[in-house]
Amino acid sequence: MEIIEQIRIVEALLFASDKPLSSIALADCLPESVKIDQLLEDLQDQYKNRGVNLVEVAGKWMFQTAPDLAFLLRTEVEEERRLSRAAVETLAIISYHQPVTRAEVEEVRGVSLSKGILDVLMEAQWVRPMGRRRTPGRPMTYGTSDHFLVHFGLDSIKDLPGLGELKAAGFLDNVNTSRLNLLDDPKPIEEQPELPGSATVKKQGHPPITE
Amino acid sequence: MEIIEQIRIVEALLFASDKPLSSIALADCLPESVKIDQLLEDLQDQYKNRGVNLVEVAGKWMFQTAPDLAFLLRTEVEEERRLSRAAVETLAIISYHQPVTRAEVEEVRGVSLSKGILDVLMEAQWVRPMGRRRTPGRPMTYGTSDHFLVHFGLDSIKDLPGLGELKAAGFLDNVNTSRLNLLDDPKPIEEQPELPGSATVKKQGHPPITE
Amino acid sequence: MTDKETGQQSVFEINAPAVTPADNEERLILDIEGFEGPLDVLLALARTQKVDLKQISILELVQQFLEFVAEAKIQELEKAADYLVMAAWLAYLKSRLLLPEETFEDELSAEEMAARLTYQLQRLNAIRDVSATLMSRNQLGRDVFSRGMPERVVVTKNSTFDLSLYDMLKAYADHKTRTSIADIRIHKRAVYTLDQALERLSGLIGLAMDWTDLFQFLPEDTGNAEMNRSVKASLFTASLEMARQGKAEIVQKQTFGPLFIRKTTRPD
């Protein structure tokens, strides 16, 4: 099969989908010898200056409209869901500190987390439970989902804006949840991914092209 | 605005729209001087040999997977289905009593026949219409098909075991077969093949067991 | 997203409420509406010092907060508690900062405590900054869009039916077996009739002086479980019937509790 034909196939598959597709799923539709990563790079290059771009999000690939045309298209969608300031901050803390417990989110923000906030973030499928912490009380930890990465156009959480600066400034160190900091920090905490589905949750993200 | 920019906009609008767009709707998003028809033709030309084509359907424009790649979006799934008890019983009655009308099946079973049951049996290609009965209302009669014989490994419908054989095989415990008669339903037997395709239908089938 | 685009009513409401300038008279009617807890207030106050958050004067901040709490109208008790706890802690910190350092076992020095507060404020500030950056990214469905008319994978289902000749013959035989049963005999069941129950209950109820558990009136065990159930059911129905006729009163103090019955006393 010629390269040009292979590119057409990848293009057709990606164009038909409104969800990102993994290179593995794409490769399944092509002969075994095909170098899928090279194809994707070529395709991305061909669309670089068009009204539609090929982007890599959450480790997968999808076509989406060019960011500079947002001004034109934004009018076409109805008013989006309102996120409160508390919800936005909570989302930021979860994404930068993940895996993070509810108590830690509360400590960073200095207020208790009203019940609805996590619900909203989970309903938007941006936040997901990530297993329990191995500390007394075995609190649930939270992190972000693939859907979050896709929504904000991130390839992985390492690409979060300002992550390096926050880390360098020590703002992402373990959160000391003993209120008012009168005592020393507890020992750093060991993580144990232990939800039976934690591996599957990751995979769950987006089904391959077959539904 | 340069032509290339206008094309990018049309491209993004068509990509993101959830329905085909008319050239008028597209022109509304562009400066007045723009020659939209020319733009669309150019764009269509650019996608001519790609995996996705720009097509005009009923005066509106949309992107669509190239026809020769449409096979990528089709998968076939073999699905095994189980017949309901009512369907199995109906099939059995049709095979023993054919040709038989719907009303007769209902009378034998003592319950009315839901519409889906005959449909399923016909979908399975086990039951076929056999022409109309020459009685008031001219009801359709049903019988079994060749496919039925093949599926159950029968040479002819006469190979179905009779009541005596069923009893001998232990199917009819505690039943006095002398009180039962397969052929006890007095029935006007004259058939009138009158479906347009009834000649072929006849050939396909097999002689009814009732005389 | 900027205020210019959306006006004051920002879609995401991420703009921190501004603290009224110190030289404004309105400072006296500050209230905690719009603030999310003491830390939020502290951060807003620290910003008014107009210096890098690393160089804020903790003493000045403590003073500002204590004044804020004293002047603010805190209506909800729950909220008030948070603010008062913080105020008390800050007052303690202030005294520690002002007094010559003593060594407390298991406690941080005043400088360390102040440093930690500064750290917390900086961290919250930093999170606010990245929140804004995050939300200003191109969001899918807001700024960038995926295919509006996705072409679904069409799944064609080829049904095959799973039925053996045996299954079909069995179905026919079962059908014949069922239709061959001509006679149906229904056995007479042992029942305690409503009339019997009424008779018994109205006879006994007069003998009891006060509220009595309905089941005290049950006849002796018949030795037959089915009969016993019938007796109970009929006795209960009889009690309802008597109540309906105004001949008896029934009381039940709790769900599934015992039913108490007594004869209606008529002051004639």
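What follows draws every value from the coordinates through simple rules; no lab data is involved. Note that the structure is a prediction, hence the values are computed from the model and not measured. Here the Cβ is made from the backbone with ideal geometry for all residues, glycine too, and neighbour counts use every protein chain on show.
In terms of Cα atoms, the Rg and Dmax of segment B:85-149 work out to 10.9, 31 Å.
Suppose R0 equals 35 Å. What FRET efficiency, 1/(1 + (r/R0)^6) with r the Cβ-Cβ distance, do C:ASN125 and C:VAL154 give to the nearest 0.05? Efficiency at R0 = 35 Å is approximately 0.10. The Cα atoms of segment B:1-56 cover 31, 23, 16 Å along the three principal axes, with the biggest extent listed first.
Hey, got the dipole for segment C:174-261? About the Cα centre, +1 on K and R Cβ, -1 on D and E Cβ, debye to the nearest 20?
Working: 11 positive and 11 negative charges, 88 e Å.
I would put it at about 420 debye.
Label-to-label distance, C:ALA115 versus B:ALA103, with points set 7 angstrom from Cα along the beta-carbon direction: 9.9 nm.
Assuming a viscosity of 1.306 mPa s and a temperature of 10 °C, what translational diffusion coefficient in µm² per second does Stokes-Einstein assign to segment C:119-259, Rh being the Kirkwood radius over Cα pairs?
Values: Rh = 24.5 Å.
Roughly 65 µm²/s, to the nearest whole number.
Could you state the number of Å between the C-alpha centres of segment C:34-62 and segment C:247-264? Using only Cα atoms to place each centre, the spacing works out to 68 Å. In a simple Cβ point-charge model (Lys, Arg +1; Asp, Glu -1; nothing else charged), segment B:87-152 has a dipole of about 340 debye relative to its Cα centre. Fraction of C-alpha pairs exceeding 17 angstrom in segment B:69-120: 46 percent, rounded to a whole number.
The Kirkwood radius of segment A:1-115, taken over pairs of alpha-carbon atoms, gives through the Stokes-Einstein law at 37 °C and 0.692 mPa s a diffusion coefficient of 189 µm² s⁻¹.
Using R₀ = 51 Å, calculate the FRET efficiency as 1/(1 + (r/R₀)^6) where r is the Cβ-Cβ separation of C:GLN55 and A:SER156; round to 0.05.
The pair C:GLN55/A:SER156 has a calculated efficiency of 0.90.
Once the chain from A:ILE24 to A:LEU163 is taken as fully extended at 0.36 nm per residue, the excess over their C-alpha distance is 47.2 nm.
Treating only the Cβ atoms of Lys and Arg (+1) and Asp and Glu (-1) as charged, compute the dipole magnitude of segment A:7-64 about its Cα centre; round to the nearest 20 debye.
Working: 6 positive and 9 negative charges, 36 e Å.
It works out to roughly 180 debye.
When the chymotrypsin sites (Phe, Trp or Tyr not before Pro) in segment C:225-268 are filtered for DSSP coil states and for at most 11 other beta-carbon atoms within 10 Å of their beta-carbon, the remaining sites are C:PHE256.
Choose one of A:ALA103, A:GLY59, A:ALA124: the residue whose Cα lies farthest towards the positive end of the charge dipole of segment A:57-128 (beta-carbon charges +1 Lys, Arg; -1 Asp, Glu; about the Cα centre). It is A:ALA103, whose Cα lies furthest towards the positive end. Put a dot 7 Å past the Cα of B:GLN38, heading toward its Cβ, do the same for C:ALA70, and the two dots end up 7.7 nm apart. Cβ-Cβ distance of B:LEU113 and B:ARG134, R₀ of 22 Å, FRET efficiency by 1/(1 + (r/R0)^6): the value works out to about 0.50.
Across peptide C:109-115, how many C-beta atoms of other chains are within 10 Å of each residue C-beta, on average? If you can, show how the numbers build up before the last one.
Working: counts 0, 0, 0, 2, 3, 0, 1.
Average per residue, whole number: 1.
Are there any trypsin sites (Lys or Arg not before Pro) in segment C:224-258 that are in a DSSP loop and have at most 14 other Cβ atoms within 10 Å? List them by number. Don't jump to the answer; show the numbers that get you there.
Working: sites: C:ARG229, C:LYS232, C:ARG244, C:LYS247, C:LYS253; in loops: C:LYS247, C:LYS253.
Taking segment C:224-258 and a limit of 14 other Cβ atoms within 10 Å, the loop trypsin sites (Lys or Arg not before Pro) found are C:LYS253.
Under the simplified labelling scheme, the B:GLU56-C:SER136 pair shows an inter-label distance of 4.5 nm, with each label point 7 Å from Cα along Cα→Cβ. Within segment A:49-183, the percentage of alpha carbon pairs spaced more than 22 angstrom apart rounds to 47%. Distances, shortest first, from the label point of A:SER23 to those at the same position in the other copies read 4.2 nm; the point lies 7 Å along Cα to C-beta.
The trypsin sites (Lys or Arg not before Pro) of segment B:17-87 meeting both criteria, a DSSP state outside H, G, I, E and B (loop) and at most 14 other C-beta atoms within 10 angstrom of the site's C-beta, are B:LYS35, B:LYS48, B:ARG82.
Using square roots of five times the C-alpha gyration tensor eigenvalues, list the equivalent-ellipsoid semi-axes of segment B:32-79 in whole Å, biggest first.
Details: eigenvalues 185, 28, 8 Å².
Its equivalent ellipsoid spans semi-axes of 30, 12, 6 Å.
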